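Written out below as structure tokens is the structure these notes cover.
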Amino acid sequence: MSTWIPDATAPRSTWFLRGVRAAFSLPGLILISSFIGFAALAKDAGVTATHAAFMAATVWALPSMVVLVGAITSGAALPAAMFAVTLSAIRLMPMVMALVPEMRAGKTRQWVLYLLAHFVAVTSWVLAMERLKRIPPDMRTTYYAGLGGTLVMTNIIVVTAVFAVADALPSAISAALLMLTPMYFLTSLWGSARERAGHVAMVLGLVLGPVFHIVLPEIDLLVAGLIGGTAAYGWHLWRRKVREA
């Protein structure tokens, strides 16, 4: 975790560079390692280096990129691939809704927030939510631009570079690197959950996910998420009523 002392008098460039530095923290390095695995996966699927780099720049969220590569591999039609990626990306909407109010200051322009929303993925969101409260409000968009922009640009470079050496990377290592990010996501979200219901939802998701992968493989994550999340929320409401009784 960063140890700087918040300084409202620091210039905007300083806050931008602090955001750049945050991108190379442990979570950022884990994400970079996962993109190494994604690049190897994309090359095995027949995706070109240009297309993979374009995915990193435009789709950005790693799970959505893996879904897109899977759709390409299976020969899915373009509308089906678009729908699958959209469903995967819907999970980011609550994160955007939580993060934007933290970044918005009195003079923040709407187009700046729209632009920065593109950088929202789990890694950048977790880092930002941990640190933005220690940053002057009018410097938060600058800080997040440094953080999110650096993560995107670095992983575009990583994907492009790995394509040149992917043939020499064992498939087991590629798969292990790709799994680093979801493991980090799970541990980070578990630690940052403010309500016990968040832990219940994650446990239910881990239990129901494999079950629905067998029963309803085409919509397993969606169904497991809906059932697990609804059950966890219902448990939260019941627990609150018991405490108030």
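Values for this structure:
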{"item": "Qualifying residue in the stretch 11-21 (condition: among the aliphatic types (A, V, I, L, M) and either free of Cβ contacts under 8 Å to residues at least 40 places away in the same chain or crowded, with 20+ Cβ neighbours inside 10 Å (or both))", "result": "no"}
{"item": "Of the criteria (1) within 14 Å of Ala166 (Cβ to Cβ); (2) modelled with pLDDT of 90 or more, which one Leu41 fails", "result": "(2)"}
{"item": "Residue check for Val126: open to solvent by less than 30 Å² (accessible area, probe 1.4 Å) and either closer than 22 Å to Leu29 by Cα or basic (Lys, Arg) (or both)", "result": "yes"}
{"item": "Trp60, sole failed condition from (1) over 22 Å from Ala168 (Cβ atoms); (2) in a helix (DSSP H, G or I)", "result": "(2)"}
{"item": "Any chance Leu68 is at pLDDT 85 or above, of a type outside the set (Val, Ile, Thr) and over 21 Å from Ile157 (Cα atoms)", "result": "no"}
{"item": "Residue count for the stretch 103-118, restricted to those that are touching a Leu at 6+ places or on another chain (Cβ under 9 Å) and open to solvent by 50 Å² or more (accessible area, probe 1.4 Å)", "result": "1"}
{"item": "Lone unmet requirement of (1) surrounded by fewer than 19 Cβ atoms within 10 Å (Cβ to Cβ); (2) of a type in the set (A, V, I, L, M, F, W, C); (3) touching a Ser or Thr at 6+ places or on another chain (Cβ under 9 Å) for Ala53", "result": "(1)"}
{"item": "Residue, modelled with the highest pLDDT, within the stretch 185-204, restricted to residues that are open to solvent by 60 Å² or more (accessible area, probe 1.4 Å) and part of a loop (DSSP other than H, G, I, E, B)", "result": "Glu195"}
{"item": "Ala89 open to solvent by less than 20 Å² (accessible area, probe 1.4 Å) and either modelled with pLDDT under 90 or of a type outside the set (Gly, Ala, Ser) (or both)", "result": "no"}
{"item": "Criterion: aliphatic (A, V, I, L, M) and open to solvent by 20 Å² or more (accessible area, probe 1.4 Å) - qualifying residue of Ala166, Ala176, Ala121", "result": "Ala176"}
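The values are calculated or read from the model by the stated rules, or taken from the named source; none is laboratory data. None of these values were measured; they are calculated from a predicted model. FYI the Cβ positions are ideal-geometry reconstructions off the backbone, even for glycines, and counts take in every protein chain you see. These accessible areas exclude ligands, DNA and RNA; they are computed on the full protein's heavy atoms, side chains included. Shrake-Rupley method; radii C 1.70, N 1.55, O 1.52, S 1.80 Å.
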